[in-house]
1. How much net charge surrounds B:Leu152 when only the other residues with a Cβ under 15 Å from the Cβ of B:Leu152 are counted, with Lys and Arg +1 and Asp and Glu -1?
2. Hey, can you find the accessible area per residue of the range A:74-271 for me, probe 1.4 Å, expressed in square angstrom?
3. Return a whole-number percent for the relative contact order of the range B:1-136, with Cα pairs under 8 Å and 6 or more residues apart as the contact set.
4. Of the heavy-atom accessible surface of the range A:74-271 (probe 1.4 angstrom), what whole percent is carbon and sulfur?
5. Mind listing the long-range amide H neighbours of A:Leu41? Cut-off is under 5 Å, sequence gap 5 or more, other chains count too, H placed in the peptide plane at 1.01 Å from N.
6. Over the alpha-carbon set of chain B, work out the extent along each principal axis and list the three values in angstrom, largest first.
7. Report the residues of the range B:19-54 in range of a label on A:Ala150: point 7 Å along Cα→C-beta, backbone N strictly under 17 Å from it.
8. Would you please give the residues with an amide H less than 5 Å from that of B:Leu140, counting only those at least 5 places away or on a separate chain, with H modeled from the backbone geometry?
Amino acid sequence: MAERGRVSGKALPYLFLLPALLLELLVHVLPMLVGVGMSLLKLTQFFLRNWSAAPFAGLSNYTVALDFNGAVGGALLHSFAVTLAFTVLVVAGSWLLGFTAAFLVQGQRRGRGLLRTLFLVPYALPAYAAVITWSFLFQRDTGLVNGVLADLHLVGAGDRPFWLLGGNSFLAVLVVALWRTWPFAFLVLTSGMQAIPHDLYEAAALDGATMRQQVRRVMLPLLRPVNQVLLVVLFLWTFNDFNTPYVLFGAGAPAEADLLSVHIYQNSFLTWNFGLGSAMSVLLLVFLSLATGLYLRSRRVR
Amino acid sequence: MFGEPHWFRWVRRAGLAVFALIVLVPLWVMITSALKPLRDVQAQFRWLPTEWTLSPFVDIWSTIPLGRYFVNSLVVALGATLLSLLVAVSAAYAISRYRFRGRRLFSLAILSTQMFPGILFLLPLFLIYVNIAQTTGIVLVGTLPGLVITYLTFSLPFSVWMLVGYFESIPRELDEAALVDGTGPLGALLRVVVPAALPGIVAVAVYAFMTAWGEVLFASVLTSDSTRTLAIGLPAYSTQSGVYWNQVMAAGLVVSVPVVAGFLLLQRYLVQGLTSGAVK
């Protein structure tokens with residue numbers, strides 16, 4: 001009896017973990033392995049029902065995706081560059097906005113709770129509801145953006161710009177992503193700032209430190225672990241962001257705002273070439289793992 | 001605090017006002033446009049309706065099958081939330097209360113799935129579901145259970161991580177006392193740990209619900225006409241008939257209010273969970 005109790009005691013934690021483990025295997029781990037396998041196959045619509053019959057393609061999907069002089073590879077490289085610029089701007093902007101807002105709110109006495117709640121609304125809104133609202137704001141003839149620009153006499157009645165087509169579309173998707181993302185930075189930095197004991201600032205103030213010095217010498221160093229995690233999370237979310245461009249532009253994003261997730265999605269589901277789409281996804285994962293790994297390592301060495 | 005200079009008070013007020021405007025302007029447009037007659041949203045933008053009307057809120061239910069989308073989203077989100085809670089509570093209990101081989105590996109592996117681009121496992125998952133249907137007859141593409149299973153894993157990593165933080169803050173003596181009293185480990189979990197961690201569990205539930213309610217990418221591939229969720233139905237409507245912007249805004253409000261209200265009510269617990277998870 002005691003023996004049996006001990007054995008089952010050892011198995012017990014695994015039993016508690018089993019459902020989570022099985023689900024993660026089914027929805028994340030197995031698909032990832034299958035995805036790597038798919039990227040090595042010539043997997044077009046003819047083999048969708050019976051993908052084991054798809055011919056082995058070796059690395060040809062990868063050579064097509066990485067042939068930057070070819071049509072497919074060139075478009076992929078362009079999309080990568082657009083996504084990189086988009087990510088850098090959204091992450092940096094969200095951090096700056098989030099930090100500024102968290103810092104300002106922290107010192108505010110009256111209405112602090114209300115402001116905190118208000119600032120979190122963009123983050124709490126379902127992605128599609130927020131982005132649809134923005135696509136209304138960006139409408140050429142009926143939207144707020146052009147309306148305000150016209151009121152300020154920055155654009156004439158005849159030459160209202162399109163925001164969701166052509167070169168302006170990059171700016172549009174950037175603004176929407178920033179609006180949706182900065183509240184998360186605000187949330188994380190607020191809780192990070194709250195965890196810093198007040199006496200540290202008071203001690204610094206007694207030593208004659210100005211507000212600026214207190215921020216630079218006390219607050220920022222203590223926020224470093226929080227910032228590290230926050231930046232990685234923001235980077236991954238933004239780089240993989242599908243909702244914002246997909247809801248803003250529909251299936252056909254303009255070339256100037258051709259972000260990778262939507263690019264791969266279109267390459268896979270519009271042409272039904274899953275092998276090529278998988279190869280692109282694997283390349284994306286390799287890049288993300290390398291970038292994240294290098295960043296975390298460089299932080300730790302310092 | 002900070003011994004800030006006097007002039008900074010005005011900088012702060014001005015800065016906070018700008019931030020409030022950034023958030024409020026789109027919300028203002030959303031709310032007022034939902035109360036405008038059709039002719040207002042088809043003409044030049046204006047800040048206020050020429051005539052206040054509630055008819056967009058009535059019309060949305062007949063212009064598109066919003067009711068069906070709503071019910072589908074509700075079923076999927078509730079199902080995913082409940083199942084995700086069961087799975088996450090049990091996994092978090094194992095991680096916080098037992099020392100076993102693979103404990104660290106499991107915690108890291110489950111968190112690292114968060115960094116996968118969704119697009120990477122969307123295609124294979126689609127194929128796997130298609131093949132499961134062919135071999136076992138269990139149809140997961142185009143059905144609500146397929147979405148439930150998929151979504152519940154999306155919130156799982158973060159939920160487990162947050163719940164471990166919560167469970168660690170509950171004194172171990174409490175559930176050990178229950179174990180001594182003769183309740184099994186399951187009894188200790190259900191009678192002692194779960195009630196003590198209730199705020200954390202509620203916060204995790206809200207998070208799981210929000211995740212499932214707002215997901216677009218997988219819904220676009222894994223739903224069919226009859227199982228369409230709001231995440232697909234609403235954007236499709238707005239791109240096809242962009243002229244009815246007052247209805248689009250009304251529908252956007254209707255689908256947002258439940259999640260936003262839930263989130264704002266429970267944000268305190270979410271922040272707590274975030275910090276207690278991060279401290280470890």
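1. Here the charged neighbours net out to -2.
2. Per residue, the range A:74-271 has 40 Å² of solvent-accessible surface.
3. 11
4. Carbon and sulfur: 64 percent of the exposed surface of the range A:74-271.
5. For A:Leu41, the qualifying residues are A:Ala57.
6. For chain B, the Cα spread along each principal axis is 71, 70, 34 Å.
7. B:39-50
8. B:Ala133
The values are calculated or read from the model by the stated rules, or taken from the named source; none is laboratory data. Keep in mind that what you see is a predicted model, and the values were worked out from it rather than measured. Virtual Cβ from ideal backbone geometry, glycine too; neighbours counted across all protein chains shown. Ligands, DNA and RNA are stripped out before the accessible areas are found, and what is left, the full protein with its side chains, is counted by its heavy atoms. Shrake-Rupley method; radii C 1.70, N 1.55, O 1.52, S 1.80 Å.
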